[in-house]
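What follows is calculated from the coordinates using simple rules that are stated; it is not laboratory data. Just so we're clear, the structure is a prediction, and the values are computed from it rather than from any experiment. Cβ placement follows ideal geometry from the backbone for every residue including glycine, while neighbour counts extend to all protein chains displayed.
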């Protein structure tokens with residue numbers, strides 16, 4: 001498993017380096033740097049939110065019927081974390097939009 005993760009990490013680093021170099025030819029290097037860091041931060045937020053939701057869901061299932069009661073603190077955490085996953089900054093579609101922006105494509109992002 002560690003070897004697979006290492007290969008995936010190296011491949012993603014190489015692809016990012018290649019496309020970062022291409023982007024730096026079209027726009028200022030600082031713009032590419034800031035945009036890539038922002039996309040990385042959004043990606044990390046999406047991943048952390050998904051993992052947190054999975055952990056809380058697993059704990060809710062493990063607790064059994066005691067977590068079903070609306071007054072249960074675990075039930076409240078389950079509702080809170082699943083509400084958080086619906087926020088526009090941590091939806092998976094945000095990653096696609098950010099990738100399209102970095103690729104130089106026109107995107108229509110409705111505000112409301």
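When you look at residue 51, is it closer than 30 Å to residue 103 by Cα, loosely packed, with under 12 Cβ neighbours inside 10 Å and touching a residue at least 40 places away in the same chain (Cβ under 8 Å), yes or no? Step through it out loud before you land on a result.
Working: closer than 30 Å to residue 103 by Cα: yes; loosely packed, with under 12 Cβ neighbours inside 10 Å: yes; touching a residue at least 40 places away in the same chain (Cβ under 8 Å): no.
Against the criterion (closer than 30 Å to residue 103 by Cα, loosely packed, with under 12 Cβ neighbours inside 10 Å and touching a residue at least 40 places away in the same chain (Cβ under 8 Å)), residue 51 does not qualify.
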- Query: Under 7 Å by Cβ, and 6 or more places apart or on different chains, what pairs join a residue from the stretch 34-45 that is over 14 Å from residue 19 (Cα atoms) with one that is exposed (fewer than 15 other Cβ atoms within 10 Å of the Cβ)?
  - Reply: 42/89; 45/89
- What are the residues in the stretch 86-104 that are loosely packed, with under 14 Cβ neighbours inside 10 Å and in contact with a helix residue (DSSP H, G or I) (Cβ under 9 Å, 6 or more places away or on another chain), if any? 87, 88, 89, 92, 103, 104
- Residues satisfying the stated conditions in the stretch 21-34, i.e. out of contact with any helix residue (DSSP H, G or I) (no Cβ under 6 Å at 6 or more places or on another chain) and part of a helix (DSSP H, G or I): 21, 22, 25, 26, 29, 30, 31, 33, 34
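Whether any residue in the stretch 73-85 is outside any helix (DSSP H, G or I), surrounded by 12 or more Cβ atoms within 10 Å (Cβ to Cβ), in contact (Cβ under 8 Å) with a residue 24 or more places away in the chain and out of contact with any strand residue (DSSP E or B) (no Cβ under 9 Å at 6 or more places or on another chain) is what I want to check.
Taking the stretch 73-85 as the starting set, the residues that turn out to be outside any helix (DSSP H, G or I) are 85.
Those still in the list that are surrounded by 12 or more Cβ atoms within 10 Å (Cβ to Cβ) too: 85.
If we keep only those that are in contact (Cβ under 8 Å) with a residue 24 or more places away in the chain as well, we get 85.
Then drop every residue that is not out of contact with any strand residue (DSSP E or B) (no Cβ under 9 Å at 6 or more places or on another chain), which leaves 85.
Yes, there is a match, as at least one residue in the stretch 73-85 is outside any helix (DSSP H, G or I), surrounded by 12 or more Cβ atoms within 10 Å (Cβ to Cβ), in contact (Cβ under 8 Å) with a residue 24 or more places away in the chain and out of contact with any strand residue (DSSP E or B) (no Cβ under 9 Å at 6 or more places or on another chain).
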